[in-house]
Amino acid sequence: MKTTISVIKADVGSIAGHAKTHVALKNKCDEVLAKAKESELLVDYHITSCGDDIDLIMTHRNGEENEEVHELAWNAFLEATQVAKSLKLYGAGQDLLSDTFSGNIKGMGPGCAEMEFKERPSDPVIIFCCDKTEPGAFNMPLFKMFADPFNTAGLVIDPSLHGGYDFEIFDVIEHKKVTMSCPDEMYDALALLGSTGRYVIKHISRRSDNEIAASVSTERLNLMAGQYIGKDDPVAVVRAQSGFPAAGEVVEPFAFPHLVSGWMRGSHNGPLMPVAQRNANPVRFDGPPRVIALGFQINNSELVGPLDMFDDPAFDRSRDLASEVAEYMRRHGPFEPHRLPADEMEYTSLPGVLKMLEDRMEDMD
Ligand code: 13P
Ligand code: 13P
Ligand code: MG
Ligand code: MG
Ligand code: MG
């Protein structure tokens with residue numbers, strides 16, 4: 001029997017501005033998911049949040065892209081939106097791009113990362129949830145986890161990892177995909193993955209037996225909506241230990257708070273700060289961008305845990321560095337490279353301003 005983990009997330013309203021979702025919204029989601037557990041659609045679930053995004057971590061036996069599970073998440077977000085409206089929360093229903101569910105939550109606004117696998121005798125899984133950034137934020141850390149021996153010693157010293165991993169990479173602009181094997185095609189993979197706004201890792205699997213290792217929500221809200229409605233604030237599911245990187249190797253890349261795009265109005269580069277869930281409230285300039293990591297053991301499809309993995313003083317210096325980088329980047333104000341480059345500003349609110357300036361522009365000769 002196989003277990004499916006479905007992590008489906010959406011921002012359906014927050015306090016004050018875009019900083020934090022409201023507990024009443026999480027309670028409403030809890031009500032909806034509890035019924036689904038009772039009726040055995042779900043085996044188990046855990047609800048968390050990162051900033052203004054609610055993350056529904058669900059386990060079940062129905063496989064990926066299951067219509068009932070997707071509809072359940074959609075209904076939970078829809079009901080939470082009603083609560084958000086009644087409280088006049090900010091951005092009530094922000095990420096729900098449609099009025100009616102159409103069979104699959106993909107393309108409707110919420111982000112979705114899923115994987116189905118046969119449980120090992122012991123199966124540690126780490127769920128990462130971000131706020132104020134986009135799916136490409138996971139490119140560097142996932143590459144380090146599964147392809148960089150300076151991060152993951154196991155790639156060199158553990159025979160079960162030594163064969164390497166396949167990276168399924170999506171081109172979110174041209175809607176194409178390609179699978180590249182590491183270490184053999186590492187340079188080719190990096191040629192794509194460095195363009196974080198366009199090429200994003202969707203899945204990673206072990207080369208020796210094609211076993212799923214990682215899955216990322218790759219939905220780009222602004223591309224779907226055709227206008228700026230906030231950032232995607234992605235999630236990722238990563239398996240650890242016994243044939244996969246150790247749990248410590250899975251969280252290690254986040255010790256470097258790399259620059260990601262997002263932050264204020266989804267229009268700025270800033271450091272991705274790893275934080276405990278209780279500190280996942282991006283306030284300064286609506287940021288800096290945050291990531292949380294919840295570790296579980298999967299036991300016959302039940303979620304044992306979580307351990308709040310960045311709630312560790314060993315990440316304090318990473319947070320200090322992120323604060324220092326945030327200070328440095330902020331001093332650029334509206335200038336690149338703090339503000340995103342022009343091509344990425346197409347997916348923000350800037351085109352509206354440029355349109356107003358159109359009449360002022362004259363030919364030079
Ligand atoms: P323990 O001896 O604490 O189980 O550690 C095993 C290990 O490999 C840690 O990476
Ligand atoms: P969210 O995508 O988290 O709602 O962020 C929107 C925004 O514009 C923050 O400044
Ligand atoms: Mg928001
Ligand atoms: Mg958000
Ligand atoms: Mg968002």
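Provide Ser301, Ser349 ordered by accessible surface of protein heavy atoms (probe 1.4 Å), highest first.
Details: Ser301 0, Ser349 65 Å².
Descending order: Ser349, Ser301.
May I ask which of Lys37/Lys118; Lys2/Lys132; Lys20/Lys85; Lys144/Lys202; Lys26/Lys88 have a Cα-Cα span longer than 27 Å here? Walk me through the numbers on the way to the answer.
Numbers: Lys37/Lys118 21 Å; Lys2/Lys132 33 Å; Lys20/Lys85 15 Å; Lys144/Lys202 15 Å; Lys26/Lys88 16 Å.
Cα-Cα > 27 Å for Lys2/Lys132; rest within.
Under a Cβ-Cβ limit of 4.7 Å, which cysteines in the chain have nobody to pair with?
Cys29, Cys112, Cys130, Cys182
With a 1.4 Å probe and all protein chains left in place, how much of the accessible area of the range 2-347 comes from carbon and sulfur atoms, in whole percent?
Working: 7090 of 14120 Å².
Carbon and sulfur: 50 percent of the exposed surface of the range 2-347.
In Å², and per residue, what accessible area does the chain have when probed at 1.4 Å with the other protein chains present?
Values: 16270 Å² over 365 residues.
Heavy-atom SASA per residue in the chain reads 45 Å².
Sort Asp158, Asp209, Asp99 by accessible area with a 1.4 Å probe, largest first.
Asp99, Asp209, Asp158
What order do His162, His70 take when sorted by accessible area (1.4 Å probe), most exposed first? It would help to have the intermediate numbers written out before the result.
Details: His162 110, His70 0 Å².
So, going from the largest accessible area down, we get His162, His70.
I'd like to know how the chain sits against the 2.2 N^0.38 Å rule of thumb: what's its Cα Rg over that expected value? Could you put the intermediate results ahead of the total?
Values: Rg = 20.0 Å, N = 365, 2.2 N^0.38 = 20.7 Å.
So the chain has a normalised radius of gyration of 0.96.
If the elastic network links every pair of Cα atoms under 10 Å, which of Leu259, Leu192, Leu56 fluctuates the most in the Gaussian network model of the chain?
Leu192
With +1 on each Lys and Arg Cβ and -1 on each Asp and Glu Cβ, and nothing else charged, work out how big the dipole of the chain is about its Cα centre, in Debye to the nearest 20.
Values: 35 positive and 57 negative charges, 156 e Å.
For the chain, the charge dipole is close to 740 debye.
What's the ranking of 23-34, 71-82 by average number of surrounding C-beta atoms within 10 Å, highest first? Please report the intermediate quantities before stating the final value.
Working: 23-34: 18.2, 71-82: 22.3.
Packing proxy ranking, top to bottom: 71-82, 23-34.
Calculate how many DSSP beta bridges within the chain are antiparallel, expressed in % of all such bridges and rounded to the nearest 5.
Working: 70 of 72 bridges.
Given both bridge residues lie in the chain, the antiparallel proportion sits at roughly 95 percent.
Add -39500 (n - 2.57) for each DSSP H run of 4 or more in the chain, then divide by its residues: what number comes out at 222 nm, to the nearest 500 deg cm²/dmol?
On the way: 10 runs with 94 residues, N = 365.
My calculation for the chain gives -7500 deg cm²/dmol from helical runs alone.
Based on the mean of other Cβ atoms within 10 Å per residue, sort peptides 305-315, 111-121 so the most packed one is first.
Details: 305-315: 16.7, 111-121: 18.5.
Taking the mean over residues of other Cβ atoms within 10 Å, the ranking is 111-121, 305-315.
What nm value, rounded to one decimal, do you get for the distance between His162 and Asp359 when each label is placed 7 Å out toward the C-beta?
7.2 nm
The values are calculated or read from the model by the stated rules, or taken from the named source; none is laboratory data. What you see is a predicted model, and the numbers here were worked out from it, not measured in a lab. FYI the Cβ positions are ideal-geometry reconstructions off the backbone, even for glycines, and counts take in every protein chain you see. To get the accessible areas, we keep the full protein, side chains included, count just its heavy atoms, and leave off ligands, DNA and RNA. Shrake-Rupley method; radii C 1.70, N 1.55, O 1.52, S 1.80 Å.
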